[in-house]
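The structure under discussion appears below in the form of structure tokens.
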Amino acid sequence: MDTDKIIKSAESVRAAFPAFHPRLALVMGSGWREVADGFTVKHSLDFVDIPVLGAPQVAGHGGQLLLAEQGGVELLIFAGRRHWYEGAGWEPIAFPVCLAKTMGAQGMVLTNSAGGINARFRAGAVMVIDDHINLMGTNPLIGPHHSFWGPRFPDMTGVYDADYRCRLDEAGKRAGLKLEHGIYMAVTGPSYETPVEISAFRRLGADAVGMSTVPEAILARAAGLKVAGLSCITNAAAGMGQALSHEEVLAGAKAAIPGLTRLLKEFVGVV
Ligand code: HPA
């Protein structure tokens, strides 16, 4: 990963909006794109026009950077995200984290759609990520060390900020939404899991599985940003329900959009 190249691109966005001071960066994962419509957008940039970031390759993932505002709080919203399985390397995945830090944000909210491994979770449930298991078999910090990402061996105790997790619960109450808590397992995809993999993941302690979030969480934590993670459980994981499809995942998230929008608006009001 060429961190200097990512910083240069982030600095060009910073220079274009010198009066914009986001408190938080929100990354809207699969199916979460419409949540961004709940915020007041001041400026919008297409991912394709931002060097390093580029366009996501997946239907339903959108691709705009929004400079937005909610109740006087400025926000960077990534309406869409890049994934490792696209094969474009770590740079587009690291860009949102780099921009959040460059623009002085205190933290990031990383959202995703995930398969429910915990049998208690129904489609449409929203899970606060308490911790993760990185089963991607790789790590975005592999390669020459760059001081932008903090120490060579960053601590990953408490990746998901305890204060943010409490505040998500508070925001959930205000939004009238019952939140689950659990452990997110990250895999590379793009194939979905086999039923046997899912039972193995359950034994390892995972409550939900997905193909994102963990790389950004590692980078953000390493770079000294606070992190919150939210999974919308869009389907029962492999072997626990019907055969999986991307369409089912998007449909599962769609039904949850109003609740997710209320949750994030309330969260912005309490951090
Ligand atoms: N597995 C992996 N990623 C996912 C799933 C799933 O079941 N649902 C949404 N993203």
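The values are calculated or read from the model by the stated rules, or taken from the named source; none is laboratory data. Just so it is clear, the structure is predicted and the values come from calculations on it, not from any experiment. So basically every Cβ, Gly included, is an ideal-geometry build from the backbone, and we count neighbours across all protein chains shown. Quick note on the areas: whole protein, heavy atoms, side chains included, nothing else; ligands and nucleic acids left out. Shrake-Rupley method; radii C 1.70, N 1.55, O 1.52, S 1.80 Å.
Residue pairs whose Cβ atoms lie under 8 Å apart, separated by 6 or more positions or on different chains, with the first residue in the range 227-240 and under 16 Å from residue 200 (Cβ atoms) and more than 8 Å from the ligand (Cβ to nearest atom) and the second open to solvent by 10 Å² or more (accessible area, probe 1.4 Å) and of a type in the set (Gly, Ala, Ser), are 239/199; 240/119. Taking the range 125-156 as the range and being farther than 15 Å from residue 228 by Cα, within 16 Å of the ligand (Cβ to nearest atom) and surrounded by 15 or more Cβ atoms within 10 Å (Cβ to Cβ) as the test, the residues that pass are 125, 133, 134, 135, 136. The set of residues from the range 68-101 being in a helix (DSSP H, G or I), open to solvent by 10 Å² or more (accessible area, probe 1.4 Å) and in contact with a Ser or Thr (Cβ under 9 Å, 6 or more places away or on another chain) comprises 84, 85, 91. Taking the criterion of being touching a strand residue (DSSP E or B) at 6+ places or on another chain (Cβ under 7 Å) and of a type in the set (Gly, Ala, Ser), the only residue of the range 138-174 that qualifies is 172. For the range 40-67, taking the residues that are within 17 Å of residue 10 (Cα to Cα) and assigned to a loop (DSSP other than H, G, I, E, B), the one that is modelled with the lowest pLDDT is identified as 55. Selection within the range 102-120: residues that are surrounded by fewer than 24 Cβ atoms within 10 Å (Cβ to Cβ) and outside any loop (DSSP other than H, G, I, E, B). The member of this set that is nearest to the ligand (Cβ to nearest atom) is 109. Select from the range 210-261 the residues that are part of a helix (DSSP H, G or I), in contact with a strand residue (DSSP E or B) (Cβ under 6 Å, 6 or more places away or on another chain) and over 18 Å from residue 160 (Cβ atoms) and list them in ascending order. Hits for the range 210-261 are 248, 249, 252, 253, 256.
The residue list 54, 80, 29, 71 contains one member that is in contact (Cβ under 8 Å) with a residue 24 or more places away in the chain, on the phi > 0 side of the Ramachandran plot and within 16 Å of the ligand (Cβ to nearest atom), which is 80.
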